[in-house]
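This report refers to the structure that appears directly beneath it.
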Amino acid sequence: MNILVRLPTWLGDAVMASPFLATLRAHFADAQFCFVGSSVAIALFARDFPHARFVLDNTKQEKVRLLATLRLAKELGRFDIAFTLQNSFLSAFLLFLTRSPMRIGFANEMRSFLLTDSLPKHKNLHQVQRYYELLRPLGICGEAPKLALFAQKETTLHANKRIGINTGGAFGSAKRWSKEQFIITARALLARGFEVILVGGADDVATNAAIEREITHANLHNLTGKTSIEQLIDTIAGLDLFITNDSGPMHIAAALQIPLIALFGPTDYRETSPWKAQNAFLLSLNLSCSPCKRRTCPLGHHACMEILQADSVLAHVEKVLDSF
């Protein structure tokens, strides 16, 4: 059995696909898997599927993407079952070009004719469960299990509690809590004797460097832009608490069952909250204008995040740490 999966592009979406992948592997233990996706998605699952074939999709960078997709399909070959977890027309077109007899994906973007099994993308359903619904054509139904990622935890014992802070959010600026509030939070945590670890990707380097300049403390460690995806997973696995915007690293923490405080503004926590993470606390003001799901605030005030103060976060730190 040969199975192709076109992975989600973004880190958080890819993590939320982990129950789908784990269940698929459990039902087809002897299958040969091929994963196509972004460098982020590939790096995320490289350790979880050590014997799988991983193919980087660079078609978006090509001048004529349709031709590039055709070349990619020829490179991939034919599969018994092919899934696309993406919503785009071209991801379904890729499956069609492989001539795989069973092609499964969501029925959107007028692409159903390219798929043998096109399923509705239900509204008001958590993204984890949406991905899991794509297993129905194989007779696999029910509620998705917990997120699952492999991590290598360090064995070194630390004298102080280690609290991670993630200031980023790939969707857009509207998801991000203010730098000033993160600074207040970090200072208060350091004053309580905790170690604070700043994490993030290339887009977060400037913000976290500014935080580092504002705070001079031996227990503040800035790893922003200095870790691979695997190293980020292992870093989060060693934390006692994670404070984060709605983001990919938030879902990594949920997958590793790390206690976390998640800040939600314009996104819908019913769809992207930490899935089955019993040790997660969500902070949302639930304003009448949210969730707007916009990259930038359409009203210009960003109140869903701006009104949220560091005191609210700090009030829950000890509560979360004492609970788990």
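Of note:
- Test for I183: is it in contact (Cβ under 8 Å) with a residue 12 or more places away in the chain, surrounded by 21 or more Cβ atoms within 10 Å (Cβ to Cβ) and among the hydrophobic types (A, V, I, L, M, F, W, C): no
- Yes/no for L283 being at pLDDT below 95, open to solvent by 10 Å² or more (accessible area, probe 1.4 Å), touching a Cys at 6+ places or on another chain (Cβ under 7 Å) and not in a helix (DSSP H, G or I): no
- Some residue of segment 146-154 being out of contact with any helix residue (DSSP H, G or I) (no Cβ under 6 Å at 6 or more places or on another chain), surrounded by fewer than 16 Cβ atoms within 10 Å (Cβ to Cβ) and under 20 Å from L21 (Cα atoms): yes
- Residue satisfying all of: in segment 1-52; among the acidic types (D, E) and within 22 Å of I233 (Cα to Cα); most open to solvent (accessible area, probe 1.4 Å) among these: D13
- Taken over segment 303-315, the criterion of being open to solvent by 30 Å² or more (accessible area, probe 1.4 Å) and modelled with pLDDT under 90 is satisfied by E306, I307.
- Number of residues in segment 108-139 that are open to solvent by less than 20 Å² (accessible area, probe 1.4 Å), part of a loop (DSSP other than H, G, I, E, B) and either within 17 Å of T69 (Cα to Cα) or among the charged types (D, E, K, R) (or both): the value is 2.
- Among the criteria (1) open to solvent by 50 Å² or more (accessible area, probe 1.4 Å); (2) at pLDDT below 90, the one C292 does not fulfil is (1).
- Matching residues in segment 263-280 - criterion: being part of a strand (DSSP E or B) and touching a Pro at 6+ places or on another chain (Cβ under 6 Å): A280
- Count of residues meeting criterion [open to solvent by 10 Å² or more (accessible area, probe 1.4 Å) and either under 20 Å from Y132 (Cβ atoms) or among the β-branched types (V, I, T) (or both)] in segment 89-107: 3
- Test for R65: is it closer than 24 Å to T272 by Cα, open to solvent by 30 Å² or more (accessible area, probe 1.4 Å) and over 19 Å from the mean Cα position of the chain (by Cα): no
- Where helices (runs of 4 or more DSSP H) sit wholly within segment 191-257, none has at least 3 residues that are open to solvent by 50 Å² or more (accessible area, probe 1.4 Å), over 25 Å from Q127 (Cα atoms) and among the β-branched types (V, I, T).
The values are calculated or read from the model by the stated rules, or taken from the named source; none is laboratory data. Nothing here was measured: the structure is a model prediction, and the numbers come from that model. In this analysis, Cβ positions are derived from the backbone assuming ideal geometry, glycine residues included, and neighbour counts consider all displayed protein chains. Ligands, DNA and RNA are excluded from the accessible area calculation, which covers all protein heavy atoms including side chains. Shrake-Rupley method; radii C 1.70, N 1.55, O 1.52, S 1.80 Å.
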